[in-house]
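The values are calculated or read from the model by the stated rules, or taken from the named source; none is laboratory data. All figures in this text were calculated on a predicted structure; none of them were measured in a lab. Quick reminder, even Gly has a Cβ in these numbers, built from the backbone with ideal geometry, and neighbours come from all protein chains shown.
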Amino acid sequence: MKPTDKNGLLKIGISFLLIFILFFYLGSLKIPLQIELKKTDTSSFYKSKTQIKPRKVKKSALTSYTLEEKITDTLALKIPPKILQETAAAKPQSVHTPVGVERVLLLGDSQLEGLKDPVNLYCARNKHNLVASVIWYGSSTKNWALTDTLQYYIDVYKPTTILFAIGLNELFVRDLESRAKYIKTIVAIFEKNKVKYSWIGPAAWTKDKGVVAVMQREVGERFFPSHTIEMQRASDGRHPSRNAAKTWFALVAENLTEKGIIDFSKTLDTIPKKLSSITTLLKPMQIQ
């Protein structure tokens, strides 16, 4: 071995020894090294894993996605529902409603896009208050029954009357016994909270596989058979057009008045000026 090689090895050995002595000395003094170690934030990763892990508890339907973010079908567990978009913050409301004035909460699937404005106008015309419209895109009776979303919005808005429009995403389902259980669960929530309600059946663009008959059987006289109405369709060929939705709800309003669920006897022969109301959009779901 050449002398230069020996000198190099000696220098390396001395360097390692000095580093060891330095760490030992700092350790004895409990002085941290001034080295910043960047820690990867894994909270979102573990949160996602938690969300999709099967649980026996009821789930809340929503996660905090904005309109610009990618929407997934992940369910959050037991957190207050958050939303895609909302015209006003959903906060628990105090109830100071005059006698005869109903606090109406409109809930359901994407059919509410066409229904919410006519409902708001009928409420205003008849001195009622549409406290909110909660549109849960892609939702079904399964989603509303197996999450705590329905109870959450009842707690927030304290309605006296609920209009629930659902079923457009379930026309082709065949697990009818399961659907009957979901429907019973939803009705039980309405009754537990002692609210008046109307179940507005799907404005079906085609023949269903039996779910409408199940809804009608389980809900009874509070079911409105929207599938019997001939409606003009929007550009997607499935949802009612805006004008059709107005005609549709005029028939619903007449039915609600006749059954004494809510007084919508004053029709829209005089149209109130455009009204504002709270609209909450919930994220889509893949499951039906």
Please state which one of Val252, Val211 is closer than 18 Å to Asp109 by Cα, in contact with a Leu (Cβ under 7 Å, 6 or more places away or on another chain) and surrounded by 20 or more Cβ atoms within 10 Å (Cβ to Cβ). Val211
Here is a list: Ser198, Ser235. Which entry is in a strand (DSSP E or B) and within 25 Å of the chain's Cα centre (by Cα)? Ser198
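Picking from Thr206, Thr257, which residue would you name as being of a type in the set (Ser, Thr, Tyr), surrounded by fewer than 19 Cβ atoms within 10 Å (Cβ to Cβ), modelled with pLDDT of 95 or more and in a loop (DSSP other than H, G, I, E, B)?
Working: Thr257 fails: in a loop (DSSP other than H, G, I, E, B).
Only one candidate qualifies: Thr206.
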